[in-house]
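The values are calculated or read from the model by the stated rules, or taken from the named source; none is laboratory data. Just so it is clear, the model here is predicted, and its values are computed rather than measured. Every residue, glycine as well, gets a Cβ built from its backbone with ideal geometry; the counts of neighbours run over all protein chains shown. Remember, those area values only see protein heavy atoms, side chains included, never the ligands or the DNA or RNA. Shrake-Rupley method; radii C 1.70, N 1.55, O 1.52, S 1.80 Å.
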Amino acid sequence: MNPLRVFIADDEAPARERLRELLTDIAAELPTEVAGEAQNGLETVERLPASGAHVLLLDIQMPGMGGLEVARHLAGLPTAPAVVFVTAHDRHAVEAFELNALDYLMKPVRTERLAAALRKAAAAGPPPKEQLAHAARQPREYLSVVERNRIVLVPVREIVFLRAELKYVTLRTRSAEHLIEEPLVGLEAEFAEQFVRVHRNCLVARAAGSDEEPHWNVVLDGVAERLPVSRRQWAVVRVLVKDA
């Protein structure tokens with residue numbers, strides 16, 4: 001039996017050490033090997049793709065990026081890991097996990113529960129993106145693009161517009177352009193405070209609107225491209241420009 005490759009992500013060194021000890025304790029019944037470790041969310045997103053991990057033990061509260069957002073970015077990988085969230089008495093997180101059928105462990109983690117959770121996660125595979133999105137309580141700070149098994153993070157604050165084109169959405173910053181596979185309607189709901197719809201296929205950042213022209217176009221700071229505005233969205237854009 002090939003050992004189960006486990007990646008450990010927790011901002012507390014004693015917590016990571018505890019999980020390593022527990023993995024050693026269950027080796028006779030469930031062989032494992034540590035594929036890698038990380039001490040924050042951004043480090044996890046950077047290191048895990050090349051680790052070959054089958055299962056990620058993921059602390060829900062870490063500096064820089066929380067566990068749920070980390071899992072949402074990793075879900076875009078071609079070989080995404082199964083995820084077991086680890087939390088310390090966070091009632092709201094536990095309710096979200098149970099409601100969306102996500103695996104979790106409570107700290108302090110016990111040997112029997114760890115073995116059971118790893119078996120279940122390995123059999124079930126990576127959590128569906130929809131379940132992770134429903135469990136999230138706040139908007140992501142980044143959108144992500146997978147390039148050659150590497151995750152590129154784009155800060156939401158740097159995005160000037162999102163435009164639907166066939167099955168993809170074009171994500172545009174002032175310096176780059178990426179394609180993501182997320183529905184525009186979902187992005188609009190998640191980032192309602194940061195973006196406004198100017199056309200049925202386009203959202204623009206509220207902070208980027210700078211001017212308007214005849215023929216229902218909007219000009220964005222730092223971007224040469226003009227975006228068409230549908231007539232029924234003109235009142236919304238007028239307010240956006242007035243407040244800019």
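Observations on the structure shown:
- Solvent-accessible area per residue in the chain equals 52 Å², computed with a 1.4 angstrom probe and all protein chains kept.
- Per-residue ³J(HN,Hα) for region 150-162, Karplus 6.51 cos²θ - 1.76 cosθ + 1.60, θ = phi - 60°, Hz, x for Gly and Pro: 10, 9, 9, 9, 10, x, 4, 5, 9, 7, 9, 7, 10
- Taking region 62-102 and a reference point 7 angstrom along Cα→Cβ of A123, no backbone N atom is nearer than 12 Å.
- Spin-label pair E12/V94, simplified geometry with 7 Å Cα→Cβ offset, distance in nm: 1.6
- For region 4-136, a crude dipole built from +1 on the beta carbon of Lys and Arg and -1 on the beta carbon of Asp and Glu, taken about the Cα centre, is about 260 debye to the nearest 20.
- Put simply, the amide H of R5, placed in the peptide plane, has neighbours under 5 Å in E33, H54, V55, leaving out anything fewer than 5 places away on its chain.
- Global geometry of region 4-136, whether rounded, prolate or oblate, following the gyration tensor of its Cα atoms and the 1.5 cut on a/c: rounded
- E188-H134 FRET efficiency (beta carbon distance; Förster radius 25 Å; 0.05 resolution): 0.95
- Estimated [θ] at 222 nm from DSSP helical runs (n ≥ 4, -39500 (n - 2.57)) normalised by residues in the chain, nearest 500: -9000 deg cm²/dmol
- Share of carbon and sulfur in the accessible heavy-atom surface of region 4-136 [1.4 Å probe, %]: 52
- Between E147 and R47, the simple label model (points 7 Å from Cα in the Cβ direction) yields a spacing of 2.3 nm.
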